[in-house]
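Chemist: Have a look at the structure that comes next, please.
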Amino acid sequence: MQKELNKIAKDTNLFLKKFINKQKKSELIIPMQYGLFSGGKKIRSKILIDVGSLFEINYKSLIMIGSAVECIHAYSLIHDDLPCMDNDSIRRGKPSTHIKFGESTAVLAGNSLLTMAFEILSNKNLKISEKNKNDLINKISECSGHLGIAGGQYLDLTYEHKKVSQIKITQMEIKKTGKLFSFCCAAPLILKNKSKIEIKRFEDIGADIGLLFQVADDLIDYKGNSKIAGKKTGKDKIKGKATLISLLGYKNTINYANNLIFKINNKVKKYGSRSHNLSKTLNYILNRSK
């Protein structure tokens, strides 16, 4: 598993470094690179490639699409760490981008990474049809804005120190984290020109994977080691974050996560041995918190 993750991370970073090096230089390139190449396991890209293998999608195309996803993920982390958001000074064991370069530069670097994702998906080197490119850009835009990451972050901040129902917590976490995973699961089907019903089915699978990832992240914050996590832990309780742990308790949340894995595996078991990589990734996502 780690070997596969390392290869995907290496190939993704190689593509992104080449892509950035071909661009005209600006003062924002360095903080952009700082936020983009700060580590990270590239779990989203791994899910994209796992689902892509179910439909025999070209690996290089998936790496390009995954690179766009990683740009958006990096942008969201840079913005989430800002004092006006979650106010985190450490990210992946290093000073957050706004600590290193200042708040205004961090905002602009994040904005630039967001728009660079669209540059990648519209690039001539992504050898797919123009219709597929438009569909991918439309879908990733939807997953990143007020219906996705941005909207989820808004709810996350709004729900602090409030009693929130389980349905509202899961809806918030699906927006905040699940929507980008939904894109990763839908993208291979978009490339295969599958029906809207089939695409929606895999978007729902992605939402469940994103929910699993967020639950695992919350478990890390609850009981994890700051040095291993690469960021300060225990902050959710201090900030009064609305999480499934705060509502269900630690053990029940682990049971909830295991049920999510069972549910996802049931949905992809018809693909037989081709779904094994995805199943292994799901277990990895949860067990990284223990």
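All of the numbers you see were taken from the coordinates with simple rules; none came from a lab. As the structure is a computational prediction, the values presented were derived from the model and not from experiment. FYI the Cβ positions are ideal-geometry reconstructions off the backbone, even for glycines, and counts take in every protein chain you see.
Chemist: Where in the chain are the DSSP H helices whose C-alpha atoms run 15 Å or more along the long axis and whose mean Kyte hydropathy is at least -1.0? Walk me through the numbers on the way to the answer.
Modeler: On the way: long enough: 2-21 (28 Å, -0.67); 43-54 (17 Å, 0.95); 59-80 (31 Å, 0.69); 103-122 (29 Å, 0.96); 130-144 (21 Å, -1.27); 179-191 (18 Å, 1.83); 196-223 (40 Å, 0.04); 250-268 (28 Å, -0.52); 276-287 (16 Å, -0.38).
Membrane-span-like by this criterion, though nothing is claimed about a membrane: 2-21, 43-54, 59-80, 103-122, 179-191, 196-223, 250-268, 276-287.
Chemist: Below 9 angstrom from the Cβ of GLY66, what's the summed charge of the other residues (Lys, Arg +1; Asp, Glu -1)? Mind dumping the intermediate values first?
Modeler: Details: positive: LYS42, ARG44, LYS46; negative: ASP11, GLU70.
Taking every other residue near GLY66 into account, the sum is +1.
Chemist: With unit charges on the beta carbons (Lys and Arg positive, Asp and Glu negative) and the dipole taken about the Cα centre of the chain, which residue among LEU114, ILE128, ILE90 sits farthest to the positive side?
Modeler: Ranked along the dipole, the leading option is ILE128.
Chemist: While we're on this one: Which of ASN266, PHE213, SER182 sits farthest toward the positive end of the charge dipole of the stretch 136-290, with +1 on the Cβ of Lys and Arg and -1 on the Cβ of Asp and Glu?
Modeler: ASN266
Chemist: Let me ask something additional. To make sure I understand the rule: partners must be aspartates and glutamates, Cα under 14 Å from the Cα of LYS41, and not fewer than 8 residues away in the same chain. Which ones qualify?
Modeler: By straight Cα distance, LYS41 reaches GLU4, ASP11, GLU70, ASP217.
Chemist: Tabulate in residue order the Karplus-calculated ³J(HN,Hα) for the stretch 89-102, using 6.51 cos²θ - 1.76 cosθ + 1.60 with θ = phi - 60°, rounded to whole Hz; enter x for Gly and Pro.
Modeler: 9, 10, 9, 6, x, 10, x, 4, 4, 6, 6, 6, 10, x
Chemist: Once you list every other residue whose beta carbon is under 9 Å from the beta carbon of TYR284, what net charge do they have if Lys and Arg are +1 and Asp and Glu are -1? Walk me through the numbers before you get to the answer.
Modeler: On the way: positive: LYS41, LYS46, LYS280, ARG288; negative: none.
Neighbourhood net charge equals +4.
Chemist: Another question about this same structure. Contact order normalised by length for the chain, with contacts defined as Cα pairs under 8 Å and 6 or more residues apart; what percent is it? Don't jump to the answer; show the numbers that get you there.
Modeler: Values: 383 pairs, mean separation 54.1, N = 290.
Computed value for the chain: 19 percent relative contact order.
Chemist: What is the list of residues in the stretch 49-78 whose amide nitrogen lies under 19 Å from a point 7 angstrom out from the Cα of SER195, following Cα to Cβ?
Modeler: Zone members listed by number: 55.
Chemist: Can you give me the long-range amide H partners of ARG91? Hydrogens built in the peptide plane at 1.01 Å from N, cutoff under 5 Å, separation of 5 or more residues or another chain.
Modeler: For ARG91, the qualifying residues are SER96.
Chemist: Less than 12 Å Cβ to Cβ from ILE197, Lys/Arg counted +1 and Asp/Glu -1: what total charge do the surrounding residues give? Display every interim value, and only then the final one.
Modeler: On the way: positive: LYS194, LYS196, LYS200, ARG201; negative: GLU198, GLU203, ASP204.
Cβ neighbours under 12 Å give a net charge of +1.
Chemist: To the nearest 0.05, what FRET efficiency results for SER279 and LYS41 with a Förster distance of 22 Å applied to their C-beta separation?
Modeler: Values: r = 17 Å, r/R0 = 0.78.
It comes out at approximately 0.80.
Chemist: Something else about it: Considering the chain as a Gaussian network with a 10 Å cut-off on Cα pairs, which listed residue, THR177, THR115, THR97, attains the greatest mean-square fluctuation?
Modeler: In this elastic network of the chain, the residue with the biggest mean-square fluctuation among THR177, THR115, THR97 is THR115.
Chemist: Okay, next question. Rounded to the nearest 20 debye, what is the charge dipole size of the chain about its Cα centre when +1 sits on each Lys and Arg Cβ and -1 on each Asp and Glu Cβ?
Modeler: Values: 50 positive and 26 negative charges, 164 e Å.
Taking the Cα centre of the chain as origin, the dipole is about 780 debye.
Chemist: Quick one: putting +1 on the C-beta of Lys and Arg, -1 on the C-beta of Asp and Glu, what dipole do you get for the stretch 56-174 around its Cα centre, in Debye to the nearest 20?
Modeler: Working: 13 positive and 14 negative charges, 51 e Å.
Computed about the Cα centre, the dipole is about 240 debye.
Chemist: Obtain the nm distance between the two label points defined at LYS131 and MET1 by a simple spin-label model: each point lies 7 Å from its Cα along the Cα-to-C-beta direction.
Modeler: 3.9
Chemist: Moving on. Give the calculated FRET efficiency between ASN111 and ASN266 to the nearest 0.05, with a Förster radius of 35 Å applied to their Cβ-Cβ distance.
Modeler: On the way: r = 40 Å, r/R0 = 1.14.
Taking R0 as 35 Å, the efficiency between ASN111 and ASN266 is 0.30.
Chemist: In whole angstrom, note down how far apart the Cα centers of the stretch 21-46 and the stretch 115-131 are.
Modeler: Taking the Cα centre of the stretch 115-131 as reference, the centre of the stretch 21-46 is 17 Å away.
Chemist: Sorted by mean Cβ packing within 10 Å, highest first, what order do the peptides 17-29, 198-210, 248-260 take? Walk me through the numbers on the way to the answer.
Modeler: Values: 17-29: 11.5, 198-210: 20.9, 248-260: 15.0.
Top to bottom by mean Cβ count within 10 Å: 198-210, 248-260, 17-29.
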